[in-house]
Structures are given as C-alpha cells and as structure tokens.
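Written below as structure tokens is the structure these notes are about.
The values are calculated or read from the model by the stated rules, or taken from the named source; none is laboratory data. This is a predicted model, so every value here is computed, not measured. As a convention, Cβ positions derive from the backbone with ideal geometry for all residues, glycine included, and neighbour counts pool all protein chains shown.
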C-alpha cells in the first residue's frame with residue numbers, strides 16, 4: 001500500500017503511547033460514543049425490565065448484560081483506536097476472514113432463535129452474529145484492495161472487491177438477512193464512489209439490487225410481507241410498527257415521563273430493534289434529537305478529518321466505516337417511524353445486544369484510528385508547499 005509521506009511533520013521524540021493517543025484522537029467524537037452508551041443503559045433500564053419479568057429473570061438482567069457488553073465494546077474501541085493504519089488493515093483482514101468462515105458455517109451450526117433466519121451461533125451463555133463483524137472487516141478489506149489498485153503494477157483491486165461483494169451478499173441473502181446485505185452493498189458503493197471509480201459500475205450494482213429485490217419479493221413470503229406492510233396505507237395497531245408508531249405519537253415533544261411508557265410492555269424487541277420508540281415515548285423528541293445529534297457529531301467530524309488525509313486507504317476505509325455506522329442508525333430509526341420497511345437492525349451503542357455493540361466498538365475504534373492526526377501532515381500542507 002502506498003504511504004504518502006512527503007513533507008512529514010516531526011514526531012515528539014519519546015512520547016508515550018497513551019499521551020500520543022490522547023493528543024491525536026477526536027475527543028468530541030469519543031465523548032459522543034460514551035454519551036450514546038449511557039443513553040442506551042438509561043433506556044435499557046426502562047425497556048428490558050418487562051422482558052426480564054416475562055422470562056422469569058431478575059429485573060435488571062438485561063441491563064447488567066448490556067453493561068458488560070458495553071464495557072467490552074468500549075475497551076475494544078479504545079484498543080483499536082490506538083492502532084496505526086497498517087494494523088487496522090491487518091485487523092480488517094482477520095475480522096473479514098473469521099466472519100466470512102462463520103457465515104459459511106451458519107447453515108450447519110447456526111440457530112434462528114425462532115426468528116426465521118439463521119444468523120447466530122449459540123454459545124450457551126450467549127450468541128454471536130458473524131455478519132455484525134463482517135461489515136467493518138469487509139469495508140477495510142475493500143478499501144485496501146481499491147487503494148492498492150491505484151499503485152503502479154497494483155492488483156486488480158476493484159474487480160476483486162466486486163467479486164467479494166457478490167459472494168458476501170449472496171451468503172447474507174441466503175440466511176436471509178437483507179438488512180445486513182443492504183449495508184454491505186451501501187458500504188462498498190461508498191468506498192467505490194470515493195475512490196473516483198466510474199459511475200457505470202455503481203449503476204450496474206444498483207440494477208442488480210433492483211433485480212435481486214424483485215426476485216426476493218416474488219420468492220420470499222417473509223420479504224414480501226414486510227414490503228407489503230410498509231406500502232400499505234393502513235397500519236395494523238397490533239403489529240410492531242403499529243405499537244412503535246403509537247408510542248412515538250404519544251411521546252410528543254417532552255415525552256410521557258420516565259417509566260410511564262407502554263410500548264416496552266407491548267413489543268418483544270423494545271430493547272433492541274425498537275429502542276428509539278421507547279426513547280420517543282418516555283422522553284419525547286428532545287432525547288431523540290439528542291441521539292441524532294450525537295450520531296451526526298461522530299460522522300460529520302470523522303468525514304471532515306478524512307478530507308485532510310493524504311493516504312488513499314485511510315480516506316476510503318474511513319469514509320466506508322463512517323457511512324455504514326451512520327446508515328445503520330438511520331435505518332433503525334427510519335423503520336421505527338415507518339420511513340423504511342422493517343429490517344431487524346439495532347441502533348449502535350444504544351440497542352441491547354452483544355455482537356452488535358462489540359462490533360460497533362470495533363467499527364468506531366477503527367474509524368477513530370484512521371482519523372487521528374498523523375505526523376505525515378495533511379493534504380492541504382502539501383498543496384500549499386507546491387503552490388509556493
């Protein structure tokens with residue numbers, strides 16, 4: 001991989017790892033992640049208690065597990081954010097290979113937990129969803145391949161990345177997991193677009209997506225049911241979307257009050273896929289706006305930092321990671337307000353879930369690692385020197 005180091009800035013000799021990490025990390029984005037995690041715990045105290053009671057578990061069983069998952073995710077985020085770009089590439093390859101092998105083994109050793117899709121490995125004390133870890137690994141590997149294609153005598157990285165895209169998407173669709181497949185497609189499109197590749201390939205991919213969606217609609221009653229429910233003018237108030245929509249409407253601007261919401265007693269997934277409905281009902285538009293602001297802070301600040309980077313791999317991988325992180329949040333909230341069909345996707349750092357929150361920690365950690373201030377200087381410094 002080409003490392004553009006012309007005009008490097010001097011390192012601080014002998015500076016320890018932790019002070020250098022703290023000096024170069026985006027502290028505002030880090031604070032936004034921690035705030036999202038705290039909000040998730042707050043909402044978990046409300047949303048998961050009814051589920052624990054239905055399952056004859058201690059009232060705060062799921063909150064305690066979420067705290068453990070969250071601490072593991074924060075540790076993964078901090079450790080990953082200390083890596084340099086070369087280590088991030090290696091981490092991405094390992095994540096992708098392990099998760100890809102896991103996807104291939106799911107039909108033989110996976111379970112569906114009664115949800116109709118084989119997406120998890122049951123470990124007895126918990127479960128693992130390989131597709132959550134596949135996304136950051138795939139984005140990093142794709143960025144590496146496409147950036148390497150720009151090198152002299154470089155590999156055909158764009159063609160290889162497209163082949164991986166088709167293979168990964170096919171495995172996800174076979175589960176079926178159309179939500180994660182759409183995220184992978186979107187992430188690849190972002191990396192490909194940022195690299196300056198021809199638009200005709202993106203148009204080909206878009207055509208394949210439309211064709212695949214048509215086939216899925218005609219062959220999968222589960223997929224067709226979700227699309228029909230989304231397009232229907234009437235909302236059945238006894239469905240998950242019906243309960244979530246009613247909760248959001250009841251919340252208004254300031255909410256019904258802490259502990260006063262009803263949707264948590266009506267939805268089995270109130271602590272995961274529809275956690276934003278709990279936030280809207282009990283805390284109103286105020287908390288929902290704060291959550292959106294926190295996600296926007298992470299993504300916008302990261303993209304602004306990436307515009308100053310000179311290494312093509314950093315720009316591509318960082319843009320892809322930032323976009324899949326933000327789009328996953330948009331899809332989760334969009335489903336709750338009926339702007340999108342039901343996807344079964346968690347809200348990063350806020351929803352309950354082991355695989356999702358740890359994978360989000362790795363994703364954001366890699367993003368923070370790529371957006372740290374680096375000694376090679378920014379692209380604007382090089383342009384200014386060339387202009388003199």
- Item | Hey, residue 316 crowded, with 21+ Cβ neighbours inside 10 Å and under 18 Å from the mean Cα position of the chain (by Cα) or not | yes
- Message: If a residue must be within 20 Å of residue 184 (Cα to Cα) and free of Cβ contacts under 8 Å to residues at least 12 places away in the same chain, how many such residues does region 214-228 contain?
- Response: 3
- Restricted to region 259-268 and to residues being touching a residue at least 60 places away in the same chain (Cβ under 8 Å) and surrounded by fewer than 24 Cβ atoms within 10 Å (Cβ to Cβ), the residue farthest from residue 354 (Cα to Cα) is 259
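I'd like the full set of residues that are over 13 Å from residue 184 (Cβ atoms) and surrounded by 18 or more Cβ atoms within 10 Å (Cβ to Cβ), limited to region 150-165.
Quick first cut of region 150-165, residues over 13 Å from residue 184 (Cβ atoms) only: 150-160, 163.
157, 158 - these are the residues of region 150-165 that are over 13 Å from residue 184 (Cβ atoms) and surrounded by 18 or more Cβ atoms within 10 Å (Cβ to Cβ).
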- Message: I need a count of the residues in region 272-301 that are surrounded by 24 or more Cβ atoms within 10 Å (Cβ to Cβ), in contact (Cβ under 8 Å) with a residue 60 or more places away in the chain and in a helix (DSSP H, G or I).
- Response: 7
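What helices (runs of 4 or more DSSP H) lie completely within region 1-72 and have 3 or more residues being at pLDDT 90 or above and closer than 21 Å to residue 346 by Cβ?
Working: elements: 17-24, 27-47, 49-54.
Once the helices (runs of 4 or more DSSP H) in region 1-72 are filtered for at least 3 residues that are at pLDDT 90 or above and closer than 21 Å to residue 346 by Cβ, what remains is 27-47.
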- Message: farther than 19 Å from residue 89 by Cβ and surrounded by fewer than 24 Cβ atoms within 10 Å (Cβ to Cβ): is that true of residue 326 in this structure?
- Response: yes
- Note on the structure: Taking region 41-64 and keeping residues in contact with a helix residue (DSSP H, G or I) (Cβ under 7 Å, 6 or more places away or on another chain) and touching a residue at least 40 places away in the same chain (Cβ under 8 Å) leaves 43, 44, 46, 47, 48, 50, 51, 62
- Cβ-Cβ under 8 Å pairs, at least 6 apart or on other chains, region 135-158 side at negative phi and outside any helix (DSSP H, G or I), far side surrounded by fewer than 24 Cβ atoms within 10 Å (Cβ to Cβ) and modelled with pLDDT under 85: 150/2; 151/1; 151/2
- Task: Return the residue satisfying two criteria in turn: it lies in region 101-131 and is in contact with a helix residue (DSSP H, G or I) (Cβ under 7 Å, 6 or more places away or on another chain) and either modelled with pLDDT of 95 or more or in a loop (DSSP other than H, G, I, E, B) (or both), and of such residues it is surrounded by the most Cβ atoms within 10 Å (Cβ to Cβ).
- Result: 119
- Does any residue of region 177-195 turn out to be at pLDDT below 80, under 24 Å from the mean Cα position of the chain (by Cα) and under 22 Å from residue 333 (Cα atoms)? no
- Scan region 359-378 and give yes if some residue there is part of a helix (DSSP H, G or I), at pLDDT below 95 and surrounded by fewer than 23 Cβ atoms within 10 Å (Cβ to Cβ), otherwise no. no
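Within region 65-75, can one find any residue that is free of Cβ contacts under 8 Å to residues at least 40 places away in the same chain and closer than 27 Å to residue 284 by Cβ?
Filtering region 65-75 for residues free of Cβ contacts under 8 Å to residues at least 40 places away in the same chain gives 67-68, 71.
With closer than 27 Å to residue 284 by Cβ added as a condition, the list becomes 67.
Looking for residues that are free of Cβ contacts under 8 Å to residues at least 40 places away in the same chain and closer than 27 Å to residue 284 by Cβ, one finds at least one in region 65-75, hence yes.
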